[in-house]
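The next block holds one structure in the form of C-alpha coordinates; read it before the comments.
The values are calculated or read from the model by the stated rules, or taken from the named source; none is laboratory data. These numbers come from a predicted model, not from an experiment. Every residue, glycine among them, receives a Cβ derived from its backbone with ideal geometry; neighbour counts consider all protein chains shown.
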Amino acid sequence: MKQGTTQAGAPTFTIVTPCLNRVSLVAEAVESVLAQRDVTVEHIVADGGSTDGTLEVLARYPHLRVLTGPDSGLYDGINRALAIARGRIIGHLNTDDTLLPGALAAVERALAANPEADAACGGAVVMEAGRDGVLRELRRYDDPAMKRLRPLDLCRGVPMINARFFRREFYDRVGVYDPSYRYAGDREFLLRAWTAGMRTVPVAEPVYAYRQHAGSLTIVGGMRHTVPWLDEHLRLARRWMQDPDAPPALRHEARAWHALEVGRAAVHALAARQPADAVTLARGGAATDPLWPGRFLTQSIGYCLRRIGWTKDWAG
(Lines give C-alpha, C1' and ligand atoms only; values in the text may rest on other atoms or scores of the structure.)
Protein backbone atom coordinates (compact mmCIF):
# COMPACT_ATOMS: atom_id res chain seq x y z
CA MET A 1 0.00 0.00 0.00
CA LYS A 2 1.23 3.47 -0.84
CA GLN A 3 0.88 6.04 1.90
CA GLY A 4 0.34 9.70 1.10
CA THR A 5 -1.80 11.34 -1.55
CA THR A 6 -2.33 11.47 -5.27
CA GLN A 7 -1.42 14.48 -7.36
CA ALA A 8 -4.93 15.81 -6.72
CA GLY A 9 -4.09 15.94 -2.99
CA ALA A 10 -6.24 13.06 -1.78
CA PRO A 11 -5.72 9.30 -1.49
CA THR A 12 -7.50 7.16 -4.01
CA PHE A 13 -9.18 5.07 -1.30
CA THR A 14 -10.47 5.50 2.21
CA ILE A 15 -11.10 2.23 4.00
CA VAL A 16 -13.45 2.58 6.97
CA THR A 17 -13.33 0.06 9.82
CA PRO A 18 -15.75 0.25 12.76
CA CYS A 19 -14.27 -1.43 15.80
CA LEU A 20 -15.10 -2.56 19.32
CA ASN A 21 -13.07 -5.08 21.35
CA ARG A 22 -11.45 -7.06 18.53
CA VAL A 23 -7.96 -7.51 19.95
CA SER A 24 -7.50 -10.98 18.46
CA LEU A 25 -8.65 -10.12 14.92
CA VAL A 26 -8.07 -6.47 14.08
CA ALA A 27 -4.38 -6.78 13.15
CA GLU A 28 -5.19 -9.22 10.36
CA ALA A 29 -7.71 -6.77 8.92
CA VAL A 30 -5.20 -3.91 9.04
CA GLU A 31 -2.49 -6.04 7.46
CA SER A 32 -4.80 -6.94 4.57
CA VAL A 33 -5.05 -3.24 3.72
CA LEU A 34 -1.31 -2.75 4.04
CA ALA A 35 -0.81 -5.62 1.60
CA GLN A 36 -2.68 -3.80 -1.21
CA ARG A 37 -0.39 -2.72 -4.04
CA ASP A 38 -0.30 0.17 -6.53
CA VAL A 39 -2.94 2.30 -4.80
CA THR A 40 -2.92 5.15 -2.28
CA VAL A 41 -5.02 4.45 0.80
CA GLU A 42 -6.01 6.04 4.06
CA HIS A 43 -7.39 3.66 6.66
CA ILE A 44 -9.73 5.07 9.31
CA VAL A 45 -10.66 2.96 12.34
CA ALA A 46 -13.64 4.20 14.35
CA ASP A 47 -13.30 2.60 17.78
CA GLY A 48 -16.37 2.72 19.99
CA GLY A 49 -14.55 2.35 23.30
CA SER A 50 -12.53 -0.87 23.28
CA THR A 51 -11.22 -2.07 26.63
CA ASP A 52 -9.60 -5.39 25.66
CA GLY A 53 -6.25 -4.19 24.26
CA THR A 54 -7.53 -3.37 20.77
CA LEU A 55 -6.30 0.22 20.99
CA GLU A 56 -2.82 -0.99 21.91
CA VAL A 57 -2.80 -3.19 18.79
CA LEU A 58 -3.92 -0.26 16.64
CA ALA A 59 -1.15 1.91 18.11
CA ARG A 60 1.39 -0.38 16.44
CA TYR A 61 0.23 1.00 13.08
CA PRO A 62 1.11 4.72 12.93
CA HIS A 63 -0.44 5.12 9.47
CA LEU A 64 -3.94 4.52 10.83
CA ARG A 65 -6.34 7.35 11.58
CA VAL A 66 -8.01 6.13 14.77
CA LEU A 67 -11.17 7.77 16.10
CA THR A 68 -11.78 6.90 19.74
CA GLY A 69 -14.64 7.41 22.13
CA PRO A 70 -18.12 6.03 22.59
CA ASP A 71 -20.60 6.04 19.75
CA SER A 72 -24.20 4.93 19.37
CA GLY A 73 -23.36 1.82 17.40
CA LEU A 74 -21.72 0.38 14.31
CA TYR A 75 -23.22 2.77 11.77
CA ASP A 76 -22.68 5.84 13.91
CA GLY A 77 -18.99 4.90 13.98
CA ILE A 78 -18.95 4.50 10.21
CA ASN A 79 -20.58 7.91 9.79
CA ARG A 80 -17.95 9.51 12.03
CA ALA A 81 -15.25 8.09 9.79
CA LEU A 82 -17.02 9.14 6.59
CA ALA A 83 -17.18 12.71 7.90
CA ILE A 84 -13.37 12.97 7.79
CA ALA A 85 -12.65 10.62 4.86
CA ARG A 86 -10.40 12.12 2.15
CA GLY A 87 -10.40 9.27 -0.37
CA ARG A 88 -12.13 9.47 -3.73
CA ILE A 89 -13.40 5.90 -3.31
CA ILE A 90 -14.83 4.57 -0.03
CA GLY A 91 -14.67 0.94 1.08
CA HIS A 92 -15.76 -0.82 4.27
CA LEU A 93 -13.73 -3.42 6.14
CA ASN A 94 -14.90 -5.18 9.28
CA THR A 95 -12.38 -5.98 12.00
CA ASP A 96 -12.96 -9.71 11.59
CA ASP A 97 -12.64 -9.75 7.78
CA THR A 98 -9.94 -9.08 5.20
CA LEU A 99 -9.44 -7.51 1.81
CA LEU A 100 -8.15 -10.02 -0.70
CA PRO A 101 -4.83 -9.39 -2.49
CA GLY A 102 -5.17 -7.01 -5.43
CA ALA A 103 -8.70 -5.98 -4.45
CA LEU A 104 -8.23 -2.21 -4.46
CA ALA A 105 -6.24 -2.12 -7.69
CA ALA A 106 -9.00 -4.11 -9.41
CA VAL A 107 -11.68 -1.74 -8.10
CA GLU A 108 -9.70 1.31 -9.22
CA ARG A 109 -9.31 -0.11 -12.73
CA ALA A 110 -13.04 -0.89 -12.96
CA LEU A 111 -14.12 2.59 -11.90
CA ALA A 112 -11.54 4.30 -14.11
CA ALA A 113 -12.88 2.36 -17.10
CA ASN A 114 -16.49 3.24 -16.18
CA PRO A 115 -16.59 6.92 -15.18
CA GLU A 116 -20.39 6.91 -15.19
CA ALA A 117 -20.52 4.28 -12.41
CA ASP A 118 -21.28 5.28 -8.84
CA ALA A 119 -19.85 2.11 -7.35
CA ALA A 120 -17.96 -1.10 -8.08
CA CYS A 121 -18.55 -4.53 -6.60
CA GLY A 122 -16.30 -7.56 -6.67
CA GLY A 123 -16.77 -11.11 -5.50
CA ALA A 124 -16.77 -12.23 -1.87
CA VAL A 125 -15.90 -15.43 -0.08
CA VAL A 126 -17.06 -16.65 3.33
CA MET A 127 -14.42 -18.33 5.46
CA GLU A 128 -14.65 -20.28 8.70
CA ALA A 129 -11.92 -21.63 10.94
CA GLY A 130 -11.94 -25.37 11.57
CA ARG A 131 -10.99 -27.01 14.83
CA ASP A 132 -7.39 -26.85 13.68
CA GLY A 133 -7.65 -23.08 13.32
CA VAL A 134 -7.22 -23.15 9.55
CA LEU A 135 -9.60 -20.94 7.58
CA ARG A 136 -11.58 -22.77 4.91
CA GLU A 137 -13.90 -21.41 2.26
CA LEU A 138 -17.56 -22.13 2.94
CA ARG A 139 -19.14 -20.37 -0.02
CA ARG A 140 -18.48 -17.80 -2.70
CA TYR A 141 -20.57 -14.98 -4.13
CA ASP A 142 -19.54 -14.09 -7.66
CA ASP A 143 -22.75 -13.55 -9.68
CA PRO A 144 -22.46 -10.41 -11.88
CA ALA A 145 -26.20 -9.75 -11.44
CA MET A 146 -25.78 -9.85 -7.66
CA LYS A 147 -22.88 -7.43 -7.92
CA ARG A 148 -25.03 -4.98 -9.91
CA LEU A 149 -27.69 -5.34 -7.18
CA ARG A 150 -31.30 -6.41 -7.62
CA PRO A 151 -34.37 -6.08 -5.37
CA LEU A 152 -33.91 -9.74 -4.45
CA ASP A 153 -30.39 -9.08 -3.14
CA LEU A 154 -31.56 -6.02 -1.24
CA CYS A 155 -34.33 -7.85 0.58
CA ARG A 156 -34.05 -11.62 0.78
CA GLY A 157 -30.55 -12.03 -0.59
CA VAL A 158 -26.96 -11.12 0.24
CA PRO A 159 -26.23 -7.42 -0.42
CA MET A 160 -22.44 -7.80 0.05
CA ILE A 161 -21.84 -4.20 1.12
CA ASN A 162 -18.25 -4.92 2.09
CA ALA A 163 -17.46 -6.03 -1.46
CA ARG A 164 -18.85 -2.69 -2.71
CA PHE A 165 -16.80 0.46 -3.15
CA PHE A 166 -18.48 3.84 -3.61
CA ARG A 167 -17.34 7.10 -5.12
CA ARG A 168 -17.17 9.70 -2.35
CA GLU A 169 -19.65 12.00 -4.09
CA PHE A 170 -22.28 9.26 -4.09
CA TYR A 171 -22.61 9.61 -0.31
CA ASP A 172 -23.12 13.33 -0.82
CA ARG A 173 -26.02 12.43 -3.11
CA VAL A 174 -27.86 9.77 -1.10
CA GLY A 175 -26.68 10.42 2.46
CA VAL A 176 -24.84 8.25 4.96
CA TYR A 177 -26.02 5.40 7.21
CA ASP A 178 -29.07 5.57 9.45
CA PRO A 179 -27.71 4.77 12.94
CA SER A 180 -31.19 3.85 14.18
CA TYR A 181 -30.58 0.51 12.43
CA ARG A 182 -28.04 -1.32 14.56
CA TYR A 183 -27.89 -4.46 12.40
CA ALA A 184 -29.50 -3.61 9.06
CA GLY A 185 -28.00 -0.18 8.40
CA ASP A 186 -26.15 -1.50 5.36
CA ARG A 187 -29.35 -2.87 3.85
CA GLU A 188 -31.21 0.37 4.57
CA PHE A 189 -28.46 2.38 2.86
CA LEU A 190 -28.37 0.10 -0.18
CA LEU A 191 -32.14 0.26 -0.55
CA ARG A 192 -31.90 4.05 -0.68
CA ALA A 193 -28.95 3.85 -3.05
CA TRP A 194 -30.73 1.48 -5.42
CA THR A 195 -33.88 3.57 -5.54
CA ALA A 196 -31.69 6.62 -6.23
CA GLY A 197 -30.45 4.89 -9.38
CA MET A 198 -27.01 3.72 -8.21
CA ARG A 199 -24.96 2.43 -11.15
CA THR A 200 -22.59 -0.40 -10.21
CA VAL A 201 -19.85 -1.88 -12.34
CA PRO A 202 -19.05 -5.55 -11.57
CA VAL A 203 -15.43 -6.42 -10.80
CA ALA A 204 -14.38 -9.84 -12.02
CA GLU A 205 -11.95 -10.50 -9.19
CA PRO A 206 -12.92 -11.56 -5.66
CA VAL A 207 -12.15 -8.64 -3.36
CA TYR A 208 -13.40 -9.49 0.12
CA ALA A 209 -13.26 -12.35 2.64
CA TYR A 210 -15.92 -12.58 5.34
CA ARG A 211 -15.06 -14.59 8.44
CA GLN A 212 -18.00 -16.55 9.85
CA HIS A 213 -17.88 -16.93 13.62
CA ALA A 214 -20.16 -16.66 16.64
CA GLY A 215 -19.52 -12.96 17.22
CA SER A 216 -19.96 -11.77 13.64
CA LEU A 217 -22.58 -9.11 12.92
CA THR A 218 -22.34 -9.69 9.16
CA ILE A 219 -22.42 -13.46 8.73
CA VAL A 220 -25.05 -14.14 11.34
CA GLY A 221 -26.23 -17.72 10.89
CA GLY A 222 -28.94 -18.45 13.43
CA MET A 223 -28.93 -14.88 14.76
CA ARG A 224 -31.32 -13.71 12.06
CA HIS A 225 -34.20 -15.08 14.16
CA THR A 226 -33.38 -12.95 17.21
CA VAL A 227 -35.63 -10.03 18.04
CA PRO A 228 -33.30 -7.15 17.00
CA TRP A 229 -32.64 -8.62 13.55
CA LEU A 230 -36.30 -9.45 13.02
CA ASP A 231 -37.52 -6.03 14.13
CA GLU A 232 -35.17 -4.19 11.80
CA HIS A 233 -35.83 -6.38 8.78
CA LEU A 234 -39.59 -6.14 9.26
CA ARG A 235 -39.31 -2.39 9.70
CA LEU A 236 -37.52 -2.12 6.37
CA ALA A 237 -39.84 -4.54 4.60
CA ARG A 238 -42.94 -2.68 5.78
CA ARG A 239 -41.43 0.65 4.79
CA TRP A 240 -40.80 -0.36 1.20
CA MET A 241 -43.85 -2.57 0.61
CA GLN A 242 -46.09 0.30 1.74
CA ASP A 243 -44.28 3.10 -0.11
CA PRO A 244 -46.47 4.08 -3.09
CA ASP A 245 -43.48 5.73 -4.77
CA ALA A 246 -41.25 2.65 -4.58
CA PRO A 247 -40.62 0.79 -7.84
CA PRO A 248 -43.12 -2.08 -8.29
CA ALA A 249 -40.33 -4.67 -8.37
CA LEU A 250 -39.08 -3.49 -5.00
CA ARG A 251 -42.55 -3.40 -3.46
CA HIS A 252 -43.14 -6.97 -4.67
CA GLU A 253 -39.82 -8.10 -3.23
CA ALA A 254 -40.45 -6.33 0.06
CA ARG A 255 -43.76 -8.19 0.45
CA ALA A 256 -41.98 -11.49 -0.13
CA TRP A 257 -39.26 -10.46 2.35
CA HIS A 258 -41.83 -9.55 5.00
CA ALA A 259 -43.51 -12.94 4.60
CA LEU A 260 -40.17 -14.76 4.72
CA GLU A 261 -39.04 -13.06 7.92
CA VAL A 262 -42.38 -13.53 9.69
CA GLY A 263 -42.60 -17.17 8.62
CA ARG A 264 -39.02 -18.03 9.58
CA ALA A 265 -39.42 -16.39 12.98
CA ALA A 266 -42.72 -18.17 13.62
CA VAL A 267 -41.24 -21.55 12.68
CA HIS A 268 -38.24 -20.83 14.89
CA ALA A 269 -40.57 -20.00 17.80
CA LEU A 270 -42.48 -23.25 17.30
CA ALA A 271 -39.22 -25.22 17.20
CA ALA A 272 -38.25 -23.54 20.48
CA ARG A 273 -41.62 -24.63 21.97
CA GLN A 274 -42.89 -21.07 22.18
CA PRO A 275 -46.29 -21.32 20.45
CA ALA A 276 -47.59 -18.07 21.96
CA ASP A 277 -44.72 -16.19 20.32
CA ALA A 278 -45.47 -17.88 17.01
CA VAL A 279 -49.12 -16.82 17.21
CA THR A 280 -48.13 -13.24 18.04
CA LEU A 281 -45.78 -13.14 15.06
CA ALA A 282 -48.40 -14.58 12.73
CA ARG A 283 -51.03 -12.08 13.84
CA GLY A 284 -48.61 -9.19 13.53
CA GLY A 285 -47.69 -10.30 10.03
CA ALA A 286 -51.34 -10.55 9.04
CA ALA A 287 -51.99 -7.02 10.27
CA THR A 288 -49.45 -5.80 7.70
CA ASP A 289 -50.17 -8.29 4.94
CA PRO A 290 -53.07 -10.77 5.26
CA LEU A 291 -51.58 -12.81 2.42
CA TRP A 292 -48.23 -13.41 4.09
CA PRO A 293 -48.86 -17.14 4.84
CA GLY A 294 -49.39 -17.86 1.14
CA ARG A 295 -46.28 -15.91 0.19
CA PHE A 296 -44.25 -17.79 2.80
CA LEU A 297 -45.59 -21.16 1.64
CA THR A 298 -44.74 -20.35 -1.97
CA GLN A 299 -41.17 -19.47 -1.02
CA SER A 300 -40.83 -22.57 1.14
CA ILE A 301 -41.91 -24.80 -1.73
CA GLY A 302 -39.48 -23.01 -4.04
CA TYR A 303 -36.68 -23.55 -1.53
CA CYS A 304 -37.43 -27.27 -1.30
CA LEU A 305 -37.51 -27.61 -5.09
CA ARG A 306 -34.17 -25.85 -5.39
CA ARG A 307 -32.69 -28.15 -2.77
CA ILE A 308 -33.57 -31.18 -4.88
CA GLY A 309 -32.47 -29.47 -8.08
CA TRP A 310 -35.84 -28.90 -9.75
CA THR A 311 -35.50 -25.14 -10.12
CA LYS A 312 -32.87 -22.46 -9.75
CA ASP A 313 -35.22 -19.53 -9.28
CA TRP A 314 -36.61 -17.93 -6.16
CA ALA A 315 -40.33 -18.18 -5.74
CA GLY A 316 -42.02 -15.12 -4.36
Considering only helices (runs of 4 or more DSSP H) wholly within segment 43-131, the ones with at least 2 residues that are within 22 Å of residue 173 (Cβ to Cβ) are 74-84, 103-113
Kindly evaluate residue 170 against the criterion of being in contact (Cβ under 8 Å) with a residue 60 or more places away in the chain and either surrounded by fewer than 21 Cβ atoms within 10 Å (Cβ to Cβ) or of a type in the set (Phe, Trp, Tyr) (or both). no
Expected single match for over 20 Å from the mean Cα position of the chain (by Cα) and in the same structural domain as residue 186 (by TED's automatic domain parsing) among 73, 91, 77, 102 is 102
- In this structure, does residue 190 turn out to be in the same structural domain as residue 86 (by TED's automatic domain parsing), at pLDDT 95 or above and either of a type in the set (S, T, N, Q) or at positive phi (or both)? no
Residue set 62, 101; condition modelled with pLDDT of 95 or more and more than 22 Å from residue 206 (Cα to Cα); output residue 62
Taking segment 24-40 and keeping only residues that are at pLDDT 95 or above, touching a Ser or Thr at 6+ places or on another chain (Cβ under 6 Å) and aliphatic (A, V, I, L, M), one is left with 26, 29, 39
Checked segment 8-22 for anything assigned to a loop (DSSP other than H, G, I, E, B), farther than 18 Å from residue 103 by Cβ and at pLDDT 95 or above; matches are none
Filtering segment 39-98 for residues that are surrounded by 15 or more Cβ atoms within 10 Å (Cβ to Cβ) and on the phi > 0 side of the Ramachandran plot leaves a count of 1
Of the candidates 281, 260, 297, the one satisfying the condition of being under 24 Å from the mean Cα position of the chain (by Cα) and either modelled with pLDDT of 95 or more or in a helix (DSSP H, G or I) (or both) is 260
Margin query: Going residue by residue through segment 162-174, is there one that turns out to be touching a Phe, Trp or Tyr at 6+ places or on another chain (Cβ under 6 Å) and either among the aromatic types (Phe, Trp, Tyr) or over 25 Å from residue 259 (Cβ atoms) (or both)?
Written below: yes
Residue 28 fails exactly one of (1) acidic (Asp, Glu); (2) surrounded by fewer than 18 Cβ atoms within 10 Å (Cβ to Cβ); (3) touching a Lys or Arg at 6+ places or on another chain (Cβ under 8 Å), namely (3)
Checking 170, 165 in turn, the sole residue that is more than 22 Å from residue 100 (Cα to Cα), assigned by TED's automatic domain parsing to the domain that holds residue 43 and outside any loop (DSSP other than H, G, I, E, B) turns out to be 170
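Take the conditions of a type in the set (A, V, I, L, M), more than 25 Å from the chain's Cα centre (by Cα) and modelled with pLDDT under 85 and apply them to residue 305. Does it pass? Let's see the steps before the verdict.
Values: of a type in the set (A, V, I, L, M): yes; more than 25 Å from the chain's Cα centre (by Cα): yes; modelled with pLDDT under 85: yes.
Judged against the criteria, residue 305 is a match.
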